[in-house]
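Just below is one structure, and these are the notes that go with it.
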Amino acid sequence: MMVALLVLAFASLVFWLVFFRFKLIRLTPGWGVVFGFFVVHLLLVFVIGLRFVTPNSANATVVQRTIQLVPRLPEPTLVEQVLVEEGAPVKKGQTLFQFDRRPYQYKVDQISAQLAAAKQNVKVLKADVDAATQGARKAKVELEYAQYQKRIFDKLAQEQAVREETVEEWLTKVNAAEATNDAALAQLERARLQYKSEIDGINTTVANMESQLQLARYYLDNTTLTAPEDGHIINLQVRPGMVAGTIRAGGIAAFIADADRYLLATYFQENLKYVKPGQPVEVALDLYPGQIFRGTVDSIWRGNGIGQYLPSDDIPKFQQPPPNVPQGQYAVKIRLDHPDESKFPIGAQGLAAIYTGGEHGAWAVLRKISIRAHSWFNWLYPLDI
């Protein structure tokens with residue numbers, strides 16, 4: 001920069017000496033155009049230096065994360081209490097809204113009773129197994145007795161001591177006893193399967209009722225909506241008597257988180273050639289005319305939606321963008337050094353200058369003058385008297 005200033009000063013001196021002091025050459029429009037052409041091109045050095053050594057963005061915005069407060073309830077539910085004031089700071093876990101607990105408490109009570117009945121039914125199933133076991137034993141004994149009697153009467157029939165009708169009678173009894181025994185064994189197996197129906201060592205009916213009870217308690221707990229982290233709510237429109245739940249689209253309020261706020265400034269891509277994380281930044285927010293805030297470059301978002309194509313069966317049509325459409329820019333994430341982050345609310349806008357070579361040097365001085373002039377000019381502009 002100093003070289004450009006010296007060359008400009010020397011050229012101006014030569015121009016003055018030649019055309020005004022000694023009048024060696026008569027000043028004509030041609031000579032004026034030539035000298036003006038030289039000066040204009042020399043001034044480009046200052047423009048290039050400011051753009052690349054101290055890039056400046058007039059589109060810097062304070063960004064805070066927002067959380068959509070959506071009631072996690074399975075059905076429309078009455079809002080009973082609003083326990084937060086608009087704009088008031090809240091802490092993580094603080095109760096914000098209280099919904100009607102009664103329908104969900106009734107559900108918990110109902111499933112609790114069903115769970116108790118299911119646990120009691122397990123004992124009934126155990127008794128059924130014992131009863132079926134005894135029934136199977138009895139049927140087995142009766143079968144063995146019928147078979148024994150049949151063998152005796154078969155022997156007596158061979159000796160012609162009894163009639164054939166008696167033998168046939170005991171054969172029928174044996175067949176009936178076998179059928180009874182098979183039925184008893186099937187009943188025993190059925191009772192055992194019902195009793196042994198388990199998952200992870202718990203009866204399936206009991207496990208099912210326990211999972212339903214956990215879900216019911218989850219919804220009951222969610223009738224109290226608490227702050228997910230430190231923050232505040234603006235534009236609070238929720239009032240007692242409002243119905244919230246599945247019939248609503250989206251959340252009932254926007255929660256603005258206090259933590260991890262930052263400044264996002266957009267720059268033309270070529271101006272980021274020498275920008276790196278950790279470099280110093282000065283910010284002039286429109287919210288605070290006449291004040292300059294310091295920060296550092298956190299990261300560069302090297303991405304722009306212009307380069308994104310969604311899956312489709314349409315072949316892209318590549319056309320030259322209209323001249324009035326601005327060139328695609330990249331965003332730079334900036335961390336402000338001020339200890340009180342509450343001074344920088346969401347959406348606050350301003351100007352941000354990055355000093356790629358540090359805050360010392362001729363280019364930095366020019367940019368400091370420029371950004372401070374912008375900040376002080378905010379006392380007057382916009383003219384909305």
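A few remarks follow.
- Distant-in-sequence amide H partners of Asn378 (H built 1.01 Å from N, under 5 Å): Gly290
- Listed pairs Lys91/Lys333; Lys276/Lys368; Lys273/Lys317; Lys119/Lys140 exceeding 23 Å between Cα atoms: Lys91/Lys333; Lys273/Lys317; Lys119/Lys140
- Cut-off under 5 Å, modelled amide H: who pairs with Ala253 long-range: Leu69
- Top positive-direction residue, dipole computed over the stretch 76-121 with Cβ charges, set Gln81, Phe99, Ala118: Ala118
- 3J(HN,Hα) from dihedral phi, the stretch 363-368, Karplus parametrisation 6.51/-1.76/1.60, rounded to Hz, x for glycine, proline: 5, 5, 5, 4, 5, 4
- Between amide H atoms placed 1.01 Å from N, distances below 5 Å from Thr224 occur with Phe99, all of them 5 or more places distant or on a separate chain.
- The HN-Hα couplings worked out from phi for the stretch 92-103 by the Karplus form 6.51 cos²θ - 1.76 cosθ + 1.60 (θ = phi - 60°) are 4, x, 5, 5, 9, 9, 10, 9, 4, 8, 4, x Hz, whole numbers, x standing for Gly and Pro.
A short reminder: the numbers here are calculations on the coordinates, not readings from a lab. Source: prediction; values computed, not measured. With ideal geometry, Cβ positions are generated from the backbone for all residues, glycine too; neighbour counts draw on all protein chains shown.
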